[in-house]
Structures are given as C-alpha cells and as structure tokens.
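Report on one structure; see the data block that follows.
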Amino acid sequence: PRVCVVGSGPAGFYTAQHILKHHGGALVDIYEKLPVPFGLVRFGVAPDHPEVKNVINTFTQTARSERCSYIGNVTVGRDVTVPELRQAYHAVVLSYGAEDNRVLGIPGENLPGVYSARAFVGWYNGLPENRDLKPDLSCETALILGHGNVALDIARILLSPLQLLRKTDITDSSLAALACSKVKRVWLVGRRGPLQVAFTIKELREMINLPGARAVLDPADFTGLENAVKDAPRPRKRLTELMIKTALEKPVEAQAGAAAPRAWGLKFQRSPQEVLPSADGRRARGIRMALTRLEGSGDSAKAVPTGDVEELECGLVLSSIGYRSLPLDPAVPFDSQRGVIPNSSGRVEGVPGLYCSGWVKRGPTGVIITTMNDSFDTAQSVLEDLQGGVLDISPSREGFGLVESILRSRGVRPVSFSDWEKIDAAEVARGQAAGKPREKIVDPAEMLRIIGH
C-alpha cells in the first residue's frame, strides 16, 4: 500500500512512523509546503526549549527509512490537488495543522503595534512567512491577551536576559531587535480566572525563575482559592498553589534596595473590547477591557461582562487566543465553525481512503505528546482499513511517480530529505560560528540556492 501524508510536523511524522512500524510493506510519502521539515517543532517550540526539539531525531530516523520519502517545497491544494493525490495513493492522511490564528474581532486590532502570537512566534523562530514582521518594541509595556503556554513563551522571550537567548537557535534578526527592545513590563490578560488558566506548571515556574524579572500577582485575585482547589486534579491544584505562593511572596529586593529592572504579571477576568489608537491614530497606545464575572466553575466557567471597563496603557499588544486550521482543498469536507475536518477516529466523513491527524483533526490544542497519541490513533484507523479490506489495494498506485509528472508539468521542483540535510548542515555551520546550535535560514529562496535548485 502507498500512503501519502500531507504536512511534516509532529502529526505527519508520528502518523508515518506508526504506519511504517506496524505494516512491513507500506510505503509512506510525506509532503510539505516549505523546503524544510518538522512544522511546529521547528517553528513553534520556543528557542530556549531545546530539549523539546529532541523529537526531531526520531523524525529523522523515520524520514531515512527506505520505505519513507520526504517531498518538500510542494503546496498541496495548489501544486497538486487532494483528488490527484487520491489517484496516486491508496490512502491520504491530512496532517497540515493550523496555519492561521483566531482573530479578536474588536476595533483597533489592525493598528500597528498589534500582532498575533502566531506571527510573533513565527518571527523569532524563523518561519519564512513572518521574517519581515519587524515588531515595534520601542514601548515599555506589552500586553499579551491569553493565558496559555504560547503567551508565557512570548513573555519569557520579551523579558529574557540576552545572554540566555544568544545561546539558542533564535534568529539573528530577532535577537538584534530584542537587544534594542525597551519593553520592561509584560501583562498577561485572560477573560477568566486563575482556575481556568491554560498554561502548565513547568512554563509558569520558568517564568517565575526568570533572572532579572519579578512576578507581579495580586493576592486579592487568589482569595479563597486554596479551598476551591482542594479536590481539583493534581496538576491544577499544584499550578494554583504555585500562583498563590508567588502572589503572597514579598519581592526579594536586590542589594541596595534596587528592584528587578523588569516585571511581568497576570491579570484576570478582563475581556478586550477595543485597541485604543494614539492621538494621531497611527498606532496602538492601550487597550480597553470589559471586567467580567464568572458563571459556572472549573473549565466550563463562562466570562460575562459586568458593565465595568478599564483602560491599560501599552504600546505592544500580542493576541494569543489560539491558532486556526484552514480548508486545504474544495474536495475535502471542512467544519469552518470548529476549524476541523469532520472525522471519526481520523477517518474523514464521507470520503473513504481520506484521513486526518493532529490539529486539523481535533483542533489546535495540546502538546507534542497529545499529537503523538492522536496520530497513532489515526494511523491505527489506516492500518485497520488496510487489514479489513476497506481500502482496496489491488489496483497498484504509482504514488510519487504520478505526482512527480504532475509537478513537473506545473514547474514545481520538490525538495528531498537529503536536500534538507544540506540546508541543515549549512544552518549548523553558521550557528557554530556564532556559538549557537544553529542559525536558521529564513528565506526559502536562499534554502533552494544552497541545494542548487
């Protein structure tokens, strides 16, 4: 059987890995729109979290298997359609993730100074489409809308001492911009309360221990919460206890009474209403927020506006309220309300032989391990359908042979895994010169030049 996987992030690679491991004869081709693989492991994981990127070693083993091929620089839906892939393969798995972000839907969100977390993370991580972002870091106060791990990542990158970032694979240009940054205070704002935050304890602890930055948490926000979390699941309980402890601790003033030069804090039960423009209307100068009260409790609590509002001055607004998947091809059913492909255990509804895994299957939540389990689940569905005869593999399919001639007729030149390894070697060599693990190449045209395309 020939299987095609669209997207080379964790979902794509874990799906391929599981199929190859549990079917001794399957051939798997992984398609990727960029010349370089690994999706959010390369472009989403924070530069100062190198240990999370170790999964790349596993993915590299998978890509080097003689039954697996990586085909980069090919945009499915444009260079080749999903119906064309279904003619070339016995099964097609869509694992292309979430390439857009949710919008706030409030006045002023398009003002200069307002950025999506997705674009900002893409900028410091070298995602080609965000390489020209040039965020304005000339203000003292930044405000991040959202209480997830991505929001904490951004706060940490904005406030980290430069000597810590210099040793990471953060891009050269974003390091230069952060070196000139005037940002001293970062507020992380959420619509709900401390019991509903989505970040995890590891990320919070890292933020609390960040050198040169102190935490500003208001003890009043945590009144009575010790009792409320008594019977909560252990991770939620420990996370809340750490916030309470941090809120109650007196800041350790450095010698001679000097406070830490930078600060960050959490604000709760505030919902953004409008980004306020500067006097000349040319940029963001603050944000107006509705104060909210919670109806219900736990994860299902809803934030309802109280009628009171509050304004906060800030020159930089980062919206970290979630990623969003987009439809890939008119031939694929898509639930635009939920931003997922309708499926059951990864089998796309109404289209036999078509599957999905990862964020486009279940929505943009969870960490790499969540995606791994989810992808194994989809791969299992493919294997069951192969074994149960749901997928007819008697007609031989040409796989990449057929796709290659389609691509050639459209002037598209794919990139192989050994091509990627040349780009990888060039990045590592450039990084070594600067004392970094790698210096990412951010321009696809330059990537293609390196491999002689």
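The values are calculated or read from the model by the stated rules, or taken from the named source; none is laboratory data. Quick caveat, the model's predicted, so the values are computed rather than measured. Positions of Cβ are backbone-derived with ideal geometry, glycine not excepted, and every protein chain shown enters the neighbour counts. The accessibility values were calculated without ligands, DNA or RNA, using every heavy atom of the protein model including side chains. Shrake-Rupley method; radii C 1.70, N 1.55, O 1.52, S 1.80 Å.
Total residues in region 167-212 satisfying the condition of being open to solvent by 10 Å² or more (accessible area, probe 1.4 Å) and either closer than 18 Å to residue 133 by Cβ or touching a strand residue (DSSP E or B) at 6+ places or on another chain (Cβ under 7 Å) (or both): the figure is 18.
Looking only at region 348-387, filter to residues that are of a type in the set (A, V, I, L, M, F, W, C) and assigned to a loop (DSSP other than H, G, I, E, B); which one of those is nearest to residue 46 (Cα to Cα)? Even if it seems obvious, please write down each step before you answer.
In the first step, residues of region 348-387 are kept if they are of a type in the set (A, V, I, L, M, F, W, C); the result is 348, 351, 354, 356, 359-360, 367-369, 372, 376, 379, 382-383, 386.
Imposing the further condition that a residue be assigned to a loop (DSSP other than H, G, I, E, B) reduces the set to 351, 367.
On the way: 351: 37, 367: 13 Å.
Result: 367.
Put simply, of 345, 325, 300, 320 the only residue that is closer than 26 Å to residue 233 by Cα and modelled with pLDDT of 95 or more is 320. Against the test of being open to solvent by 10 Å² or more (accessible area, probe 1.4 Å), assigned to a loop (DSSP other than H, G, I, E, B), assigned by the TED database to the domain that holds residue 382 and over 17 Å from residue 382 (Cβ atoms), the options 40, 34 yield a single qualifying residue, 34. Residues in region 82-139 that are among the aliphatic types (A, V, I, L, M) and under 19 Å from the mean Cα position of the chain (by Cα): 94, 98, 103, 104, 114, 117, 119, 121, 127, 133. Scanning region 1-21 for residues that are assigned to a helix (DSSP H, G or I) and in contact (Cβ under 8 Å) with a residue 40 or more places away in the chain yields 10, 11, 12, 13, 14, 15, 16, 17, 18, 19, 20. Here residue 436 fulfils each of the conditions (1) touching an Asp or Glu at 6+ places or on another chain (Cβ under 8 Å); (2) under 24 Å from residue 51 (Cβ atoms); (3) charged (D, E, K, R); (4) surrounded by fewer than 16 Cβ atoms within 10 Å (Cβ to Cβ) apart from (4).
Results for (1) polar (S, T, N, Q); (2) within 19 Å of residue 7 (Cβ to Cβ), shown as yes or no for each residue.
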{"site": "309", "(1), (2)": "no, no"}
{"site": "313", "(1), (2)": "no, no"}
{"site": "321", "(1), (2)": "no, no"}
{"site": "348", "(1), (2)": "no, yes"}
{"site": "357", "(1), (2)": "yes, yes"}
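Rundown of residues vs (1) free of Cβ contacts under 8 Å to residues at least 12 places away in the same chain; (2) over 18 Å from residue 76 (Cα atoms); (3) outside any loop (DSSP other than H, G, I, E, B), yes/no style:
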site: 391; (1), (2), (3): no, yes, no
site: 403; (1), (2), (3): no, no, yes
site: 422; (1), (2), (3): no, yes, yes
site: 439; (1), (2), (3): no, yes, no
site: 445; (1), (2), (3): yes, yes, yes
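Might you let me know whether region 119-131 holds any residue that is part of a loop (DSSP other than H, G, I, E, B) and either out of contact with any helix residue (DSSP H, G or I) (no Cβ under 6 Å at 6 or more places or on another chain) or closer than 23 Å to residue 18 by Cβ (or both)?
At the first step, the residues of region 119-131 found to be part of a loop (DSSP other than H, G, I, E, B) are 125-127, 131.
Checking the rest, the ones that are also either out of contact with any helix residue (DSSP H, G or I) (no Cβ under 6 Å at 6 or more places or on another chain) or closer than 23 Å to residue 18 by Cβ (or both) come to 126, 131.
There is at least one residue in region 119-131 that is part of a loop (DSSP other than H, G, I, E, B) and either out of contact with any helix residue (DSSP H, G or I) (no Cβ under 6 Å at 6 or more places or on another chain) or closer than 23 Å to residue 18 by Cβ (or both).
Filter region 43-59 down to residues that are assigned to a helix (DSSP H, G or I) and either open to solvent by less than 20 Å² (accessible area, probe 1.4 Å) or in contact with an Asp or Glu (Cβ under 8 Å, 6 or more places away or on another chain) (or both), then give me how many there are. Matching residues across region 43-59 total 3. For region 158-209, enumerate the residues that are acidic (Asp, Glu) and within 21 Å of residue 235 (Cα to Cα). Of everything in region 158-209, those that are acidic (Asp, Glu) and within 21 Å of residue 235 (Cα to Cα) turn out to be 203, 206. Here residue 74 clears all of (1) open to solvent by less than 20 Å² (accessible area, probe 1.4 Å); (2) part of a loop (DSSP other than H, G, I, E, B); (3) more than 21 Å from residue 398 (Cβ to Cβ) except the condition numbered (3).
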